[in-house]
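Below: one structure, written as structure tokens.
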Amino acid sequence: MQIQSLKVFCDLAETESFTKAAQINNVTQSAVSQQISALEKQFKSLLIERSKKKFRLTREGEVLYEYSKQIIQTYDSLLSRLQEIKDIISGTIRVATIYSIGLHDLPPYMKKFLKTYPTVKVHVEYRRANQVYEDVLGNVVDLGLVAYPNKDQRLEIAPLRMDRLVLICHPDHPLAKQDTLKLAQLSGHKFIGFEPDIPTRKAIDKILKDHDVTVRTVMEFDNIETVKRAVEIDAGIAVVPQGTVAQEVNKSTLAQVHFEGEEFYRPLAVICKKSKVLSPAMKQFISILKES
């Protein structure tokens, strides 16, 4: 029996998916099945109930899972400590990020990190917010980058920075002529929004509701890029994080207008599972992300 087999078993127990467990450990589904069978033979116990469609651990499987988690955490702590003693920053970091952070906030930090630690591999996946949380909790990734982080007792949340929200519109739109505007001036305008389940959409909806502002939502998209493209063809106005539109504003394909009298910000954060043992490389990656 090897530590790797216990890790595969834990990943399977947490994701409830042979496919995801295989993906996490860079092996085939067949290899996952073989390692689980080997563990069952080793402990002379059935670990997974295979007769039902829904994944379920047996009582013996639950016990093995609890003890295996402790063994793996201790082993990861040992590796991390040895790397710290040797001042080694290497390995692989798996990151899941929402599109807006991955496309607009992350690149300069990635560039600095990879230049400073060239032996570290960083694998980045672009996901919807709910999928980022699922991937972090399921150990599919090591770290997640999100906006408006959800409080969860299973997660560690490290705040990064606050991204200012601004109005964007077509350069020929009447609102584009103003340096600043009051939120009330958005009432009645055609509005391009994010899809309802996206945290930034929920936050913008709350801001508008709190200020008794009613807009006419004509389009909804799941990512910042399509929102910007819709505004560029003058399909409507939108409220977006300022950092995501710098390029378009510089090229004058979009106009940006700040709000008068009150500023609104989108909090960004890095999340990880509380039980996750962070390697020296992960700690340094988070440290660089926190730099202003």
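Any read-out appearing in this document is the output of simple, stated calculations on the displayed coordinates, not a laboratory observation. Everything numeric in this text was worked out from a predicted model, so none of it was measured. No Cβ is skipped: glycine too gets one built from the backbone with ideal geometry, and neighbour counts run over all protein chains shown.
Couple of notes before you dig in:
- Scan of the stretch 94-115 for residues that are polar (S, T, N, Q) and in a strand (DSSP E or B), ordered by number: Thr97
- The C-beta contact set for the stretch 97-122 (first residue farther than 20 Å from Thr226 by Cα, second residue of a type outside the set (Gly, Ala, Ser) and surrounded by 14 or more Cβ atoms within 10 Å (Cβ to Cβ), distance under 6 angstrom, 6+ apart or interchain) comprises Tyr109/Ile288; Tyr109/Leu289; Lys112/Ile288; Phe113/Phe285; Phe113/Ile288; Tyr117/Ile89; Val122/Ile93.
The rows are residues; the columns are (1) in a helix (DSSP H, G or I); (2) over 30 Å from Arg161 (Cα atoms).
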{"position": "Leu39", "(1), (2)": "yes, yes"}
{"position": "Phe55", "(1), (2)": "no, yes"}
{"position": "Ile72", "(1), (2)": "yes, yes"}
{"position": "Thr92", "(1), (2)": "no, no"}
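- Count of the stretch 139-197 residues which are under 15 Å from Ile224 (Cα atoms) and β-branched (Val, Ile, Thr): 4
- Restricting the stretch 250-268 to residues that are in a loop (DSSP other than H, G, I, E, B) and hydrophobic (A, V, I, L, M, F, W, C), the residue that is surrounded by the fewest Cβ atoms within 10 Å (Cβ to Cβ) is Phe264.
- Residue list for the stretch 51-76, restricted to those being closer than 28 Å to Ser287 by Cβ and either surrounded by 13 or more Cβ atoms within 10 Å (Cβ to Cβ) or among the aliphatic types (A, V, I, L, M) (or both): Lys69, Ile72, Gln73, Tyr75, Asp76
Yes/no matrix, rows are residues, columns are (1) within 23 Å of Pro267 (Cα to Cα); (2) of a type outside the set (Lys, Arg); (3) exposed (fewer than 14 other Cβ atoms within 10 Å of the Cβ):
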| site | (1), (2), (3) |
| --- | --- |
| Pro118 | no, yes, yes |
| Tyr126 | yes, yes, no |
| Asp142 | yes, yes, no |
| Gln153 | yes, yes, yes |
| His173 | no, yes, no |
| Gln178 | no, yes, no |
| Asp197 | yes, yes, yes |
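- Among the residues of the stretch 25-58, just one is touching a Ser or Thr at 6+ places or on another chain (Cβ under 9 Å) and either touching a residue at least 60 places away in the same chain (Cβ under 8 Å) or charged (D, E, K, R) (or both), namely Glu49.
- Hits in the stretch 52-72 - residues which are among the aliphatic types (A, V, I, L, M) and within 10 Å of Cys10 (Cα to Cα): Leu64, Ile72
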